[in-house]
1. Can you go through L148, L218, L234 and tell me which one is in contact (Cβ under 8 Å) with a residue 60 or more places away in the chain and open to solvent by 40 Å² or more (accessible area, probe 1.4 Å)?
2. Is at least one residue of region 112-123 among the β-branched types (V, I, T), buried (at least 16 other Cβ atoms within 10 Å of the Cβ) and modelled with pLDDT under 90?
3. Among residues belonging to region 163-178 that are buried (at least 20 other Cβ atoms within 10 Å of the Cβ) and out of contact with any Ser or Thr (no Cβ under 9 Å at 6 or more places or on another chain), point out the one that is nearest to L39 (Cα to Cα).
4. Scan region 124-138 for residues that are open to solvent by 60 Å² or more (accessible area, probe 1.4 Å) and either over 35 Å from the mean Cα position of the chain (by Cα) or free of Cβ contacts under 8 Å to residues at least 24 places away in the same chain (or both) and report the count.
5. Does A83 satisfy the criteria of being part of a loop (DSSP other than H, G, I, E, B) and either loosely packed, with under 14 Cβ neighbours inside 10 Å or not aromatic (F, W, Y) (or both)?
6. Checking A203 against (1) among the small types (G, A, S); (2) touching a Gly at 6+ places or on another chain (Cβ under 6 Å); (3) at pLDDT 90 or above, only one condition comes out false. Which one?
7. Hey, does region 51-73 have a residue that's open to solvent by 20 Å² or more (accessible area, probe 1.4 Å), assigned to a helix (DSSP H, G or I) and at pLDDT below 90?
8. Could you list, in sequence order, all residues of region 86-105 that are aliphatic (A, V, I, L, M), open to solvent by less than 40 Å² (accessible area, probe 1.4 Å) and farther than 26 Å from A162 by Cβ?
Amino acid sequence: MSVLEAVAAPHAAHRDNHTHRDVNGGWLRPAVFGAMDGLVSNVALMTGVAGGSASAQTVVIAGLAGLAAGAFSMAAGEYTSVASQRELVLAELDVERRELHKHPADELAELAALYESRGVEPKLALEVAMQLSRDPEQALEIHAREELGIDPSDLPSPMVAAVSSFGSFALGALLPLLPYLLGATALWPAVLLALLGLFACGAVVARVTARSWWFSGLRQLFLGAAAAGVTYALGIAFGTALG
């Protein structure tokens, strides 16, 4: 086997097995936070109301109100947040685009100096910078990545973030409501189903983050149980004080 073949073989294997998950997408973070927030906030709300000796009907109404209010709030917040971030990035890109147009030599020297600071020989760094700067849009993309740390072609979508957040929050908040909607009159089935959902969500998130599934699941279960326990105790205290 020649040296070229020996190098090419492991390169092919590396190429086939060396893939990465999308870490810049606009849907994952709002979907994960939405589902977790929906589960935790609604089961906490329902346990707090139930702790105040409210009827099953009142608990269901509170849960439905929490689902609607939380889903719309999450969607609005995510849309505003991502849209503001996107607008800021686009404004900075416009600044960089104007600089490339007004001071191309300075921007070229800046890019060459950047590559030189990373160990590229000065002459080669300048040649690379000159070749990459021939296309204005390519030059803008490279400067944005190197100076701003962003990819202009992969900006998150406010609408995707809002829809993902709304849907995932609604699904999460619906889970503790299901036992009541199916005829249950006690609180414990709703809490049990919510805690199982939290564990499952944590385990699923671990598949994305490469963390241990049981650790992530137990962490989410513990946090949800703590929130439900605290609000239930507060519900009892407020119910006693107001009764």
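1. Checking each option against the conditions leaves just L234.
2. Scanning region 112-123 turns up no residue that is among the β-branched types (V, I, T), buried (at least 16 other Cβ atoms within 10 Å of the Cβ) and modelled with pLDDT under 90.
3. Selected residue: L175.
4. 9
5. Judged against the criteria, A83 is not a match.
6. Evaluating A203 over (1) among the small types (G, A, S); (2) touching a Gly at 6+ places or on another chain (Cβ under 6 Å); (3) at pLDDT 90 or above leaves (3) as the failure.
7. No, because not a single residue in region 51-73 is open to solvent by 20 Å² or more (accessible area, probe 1.4 Å), assigned to a helix (DSSP H, G or I) and at pLDDT below 90.
8. Result: L100, single match.
The values are calculated or read from the model by the stated rules, or taken from the named source; none is laboratory data. Because the structure is a prediction, the values reported are computed rather than measured. Neighbour counts are summed over all protein chains in view; Cβ atoms, including those assigned to glycine, are modelled from backbone coordinates with ideal geometry. Note: areas computed on protein heavy atoms with side chains; ligands, DNA, RNA excluded. Shrake-Rupley method; radii C 1.70, N 1.55, O 1.52, S 1.80 Å.
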